[in-house]
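Every number here is computed from the coordinates shown, using simple stated rules; none is lab data. This is a predicted model, so every value here is computed, not measured.
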Ligand SMILES: Cc1ncc(COP(=O)(O)O)c(C=O)c1O
């Protein structure tokens, strides 16, 4: 959908954030002489900015989703996702859903009521996946982890070592906890599982990591990887993307949790006939196909390096402001989102509200335990150094407006300095 079409869907009726503000129509924005907020990049940690090319790819004429033509979108998209997962053999399933549907796919296809799973809670998204396990009659061994810390491979190793009867059927890990800006070490978790020869399946939530941060399905022995279309893939929300190992596919044959919409066997039967067991989101799938082409043409190493560089500029800005990240130490800093702590007695959400209302720019609010204590800058997907600088500048203006002791330009200068010395062009390696 193009910007000019937006008015036709009565955007002015939609509530924005938690405030009473409604999205202005294009005409209202022009009348007020304000900048059009839709021209600003977003800095929420997904959905991300959508490249024009992908927006056009999603906006396509209807085609018969039961015709061989659809297969020309479906199969290349699945093959390309497999490459992005760095897998030679993962079974890739794409549902008209969001990341949450991917979680449900992982659980319901591989587990049975009463099964035990191991999971760590270190933020809102890991919490929600744990909550979903409970609602599906699973028994969850929860490793409570301070919000801001990574998932401890050591703790997982201890618990798995004690589980001599192998009652734990799956180990859940949120690769990148979007609520706190923390990336956990999946290779270390795999190592912990192997060290005690535990046969549990390894499920990884890669919703805010896959296609942005290095992810190695085969090398890390991932059994189910879950992501969505609206983050690293730079598309609108609407696709749950799931990779499943041969080992986990075998388990799906005996798992008894009820499933219908997310049943991978129904889906696989459909795929064999270039089809779905229901109506697929064809435009989004076309977008996914082209998003993968864009990512692979850039080269995954370049994509990861770009995310790292942009993130580091943001982190340098935070340091220049004299502020701290929610993430406890550099080894867990996320290259896709920074959750920035604000001083005690200051409501961090005010920054997000002001940015939206005064400058037409979207940042992320703090969620759950860190609500009001952090604001989040998403720096993933379609983003350049120059776009990131505008977000840093906006955050500075908001904090200054709200009375925080921020020197205008300090964060921008720190990021500029970093970007000048770590040029995107120089960093590029040949695409694979
Ligand atoms: C790490 C993580 N997992 C899961 C989800 C849930 O995905 P969705 O909102 O697409 O259902 C999100 C959403 O932001 C996320 O960041």
Which shape class applies to segment 208-344: rounded if a/c is under 1.5, otherwise prolate when a/b exceeds b/c and oblate if not, where a ≥ b ≥ c are the square roots of the Cα gyration tensor eigenvalues?
prolate
Taking a ≥ b ≥ c as the square roots of the Cα gyration tensor eigenvalues, with a/c under 1.5 meaning rounded and otherwise prolate when a/b beats b/c or oblate if not, segment 54-296 comes out prolate
Relative counts (whole %) of C-alpha pair distances in segment 36-193, using bins that are 5 Å wide
1, 7, 13, 15, 18, 15, 11, 9, 6, 3, 1, 0, 0
So, relative contact order of the chain in percent, Cα under 8 Å, 6 or more apart, is 22
Degrees between helix 349-359 axis and first principal axis of the chain (Cα, 0 to 90, nearest 10)
60
Taking Cα atoms, how many degrees apart are the long axis of helix 153-162 and the longest axis of the chain, rounded to 10 and kept between 0 and 90?
20
What percentages, rounded to whole numbers, describe P(r) for the chain computed over all alpha carbon pairs with 20 Å bin width beginning at zero?
26, 57, 17, 0
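How much space per residue, in cubic angstrom, does the convex hull of the C-alpha atoms of segment 36-119 take up? Write down the numbers at each step before the final one.
Values: hull volume 15.9 nm³, N = 84.
About 189 Å³ per residue, rounded to a whole number.
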Mind checking the angle between helix 186-195 and the chain's longest principal axis? C-alpha axes, 0 to 90 degrees, to the nearest 10.
30
Within the chain, the percent of DSSP beta bridges that are antiparallel, given to the nearest 5, stands at 55
Whole angstrom only: what separates the Cα centroid of segment 378-420 from the Cα centroid of segment 43-92?
32
Please report the relative contact order for segment 166-259, taking Cα pairs under 8 Å with a sequence separation of at least 6, and give it as a percent rounded to a whole number.
22
Between segment 172-201 and segment 319-341, the alpha-carbon center distance in angstrom
21
For segment 54-296, what is the relative contact order in percent, using Cα pairs closer than 8 Å and at least 6 residues apart in sequence?
33
